[in-house]
Amino acid sequence: MTALVQTFLSPFGIVAGIIVILGLVLTVLRFTGGLATVTNLSDYNAWGIWIGFDLLTGVALAAGGFVTSAAVYIFGMKRYHFAVRPALLTGFLGYSLVVLALHYDVGRPWRLPYPFIIRQGTTSVLFEVGACVALYLTVLFVEFFPAALEWLGLKKVRGLIIKLTLLLTIFGVILSTLHQSSLGALFLIAPSKLHPLWYSSYLPVFFFISSIFAGFSMVIFESTLSHRYFAHKMDETHLKGREDVALGFGKAASFVLAGYFTIKIVGIAAGNNWYLLGTSYGFWFLVELLGFVALPCFLYAVGVRDRNLKLIKWAAVWTVLGVVLNRLNVSLIAFNWHLPSADRYFPHWMEIALSIFIVTIGIIAFRVIATIMPVFYEHSDYKDLH
């Protein structure tokens, strides 16, 4: 409890407190005055930064939970077991914030359960995304729940859930495969609105594969920050395992990035859009493809070869930024590209502030949970009981 008090009285706590207070004020404005009070959404752009960043980007960056669980429990890479719990916590909070952001974006959020209860839209891709996200959020909660049970001292319930680990992991991978790809499939119905360089029949594949290297990179990124701010909470296994995670996940991310780069080229060829690379949008596309896919792929490969942890960390940060850029390109920047600038969407400052508010809530929640629960260390009463 003392550690929590010190956290909230620190410079981080003060800045976070200011953001939270502003966010709560804007939240009142949003839910009393409607979307028009705090957004620049229009008939041309019904989806703004809350979808492009909070949802599309948030879901991709929360993929660390399923890639780490799959590596450990399905592919048998037990040496990364210590990284599972922090990755699951990051994933659970990420998906929780996605659901929270949806309540801001949807005009009547109290009707979010309607498609599941009153009228099932089973032919809708969006229905499939909503169902899979809701189910996967539940899976993540159950997967992380043993940490809370250890904190509460409920050994029997904890033991029961641990026995379900493999089943939950397999179910989580299936759900992640479905909704990560389906988020890309949402844009297949808008070929006239999305720029041809970003529009492709391979969009579901692009979204799924990019979520994999996003997950690997987020685990490395989260591990780096955790070792800086939570080293005092870590046991010897976590302290010594940072290098293994960076090298192993960095190598995997390099291979996946190389595959992603290849299929992006195939996508251009399939659409015969080579001539568009000479346009202004083509230049921006090359910035994304070469600067945020090919470059981090190369940096990861060199970093792993030379065992250069600093280079791998920077590659992880750059890859995360690249995923953010890609999702914003697809949903905002290259969307409605043919419209005059006066009709193009640019987020209202309140939309940006509320997005920062939601991210800040996630950071605070992570710090609180990591401080009071056994996230970065193995509880003494449960050693070797996985």
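Points to keep in mind about this one:
- Close pairs from the range 24-53: first surrounded by fewer than 17 Cβ atoms within 10 Å (Cβ to Cβ), partner of a type in the set (Lys, Arg) and part of a helix (DSSP H, G or I), Cβ under 8 Å, at least 6 apart: 37/30
- Taking the criterion of being charged (D, E, K, R), farther than 27 Å from residue 204 by Cβ and open to solvent by less than 80 Å² (accessible area, probe 1.4 Å), the residues of the range 142-159 that qualify are 150, 158.
- Only one of 277, 325, 257 that is under 13 Å from residue 217 (Cα atoms), in a helix (DSSP H, G or I) and either open to solvent by less than 50 Å² (accessible area, probe 1.4 Å) or in contact with a Ser or Thr (Cβ under 6 Å, 6 or more places away or on another chain) (or both): 257
- Scope the range 182-208; condition in contact with a Gly (Cβ under 8 Å, 6 or more places away or on another chain) and open to solvent by less than 40 Å² (accessible area, probe 1.4 Å); matching residues: 197, 200, 203, 204, 206, 207
- When we screen 162, 170, 174 for residues that are within 30 Å of residue 331 (Cβ to Cβ) and open to solvent by 30 Å² or more (accessible area, probe 1.4 Å), the only hit is 174.
- Residues that are part of a helix (DSSP H, G or I), touching a residue at least 24 places away in the same chain (Cβ under 8 Å) and surrounded by fewer than 17 Cβ atoms within 10 Å (Cβ to Cβ), drawn from the range 234-250: 237, 243, 244
- Residue tally, condition under 22 Å from the mean Cα position of the chain (by Cα), open to solvent by 50 Å² or more (accessible area, probe 1.4 Å) and hydrophobic (A, V, I, L, M, F, W, C), over the range 291-322: 4
- Which listed residue, of 160, 166, is without any contact (Cβ under 8 Å) to a residue 12 or more places away in the chain and farther than 30 Å from residue 45 by Cα: 160
- Taking the range 209-223 as the range and being open to solvent by less than 40 Å² (accessible area, probe 1.4 Å) and either farther than 12 Å from residue 181 by Cβ or small (Gly, Ala, Ser) (or both) as the test, the residues that pass are 210, 211, 213, 214, 215, 216, 217, 218, 219, 220, 222, 223.
- The residue of the range 328-344 that is farthest from residue 214 (Cα to Cα), among those that are free of Cβ contacts under 8 Å to residues at least 24 places away in the same chain and part of a helix (DSSP H, G or I), is 342.
The values are calculated or read from the model by the stated rules, or taken from the named source; none is laboratory data. Every value quoted in this text rests on a predicted model; they were computed, and no experiment measured them. When we count neighbours, we look across all protein chains shown, and the Cβ atoms used for this are built from the backbone with ideal geometry, even at glycine. These area figures cover heavy atoms from the full protein model, side chains too; ligands, DNA and RNA do not enter into them. Shrake-Rupley method; radii C 1.70, N 1.55, O 1.52, S 1.80 Å.
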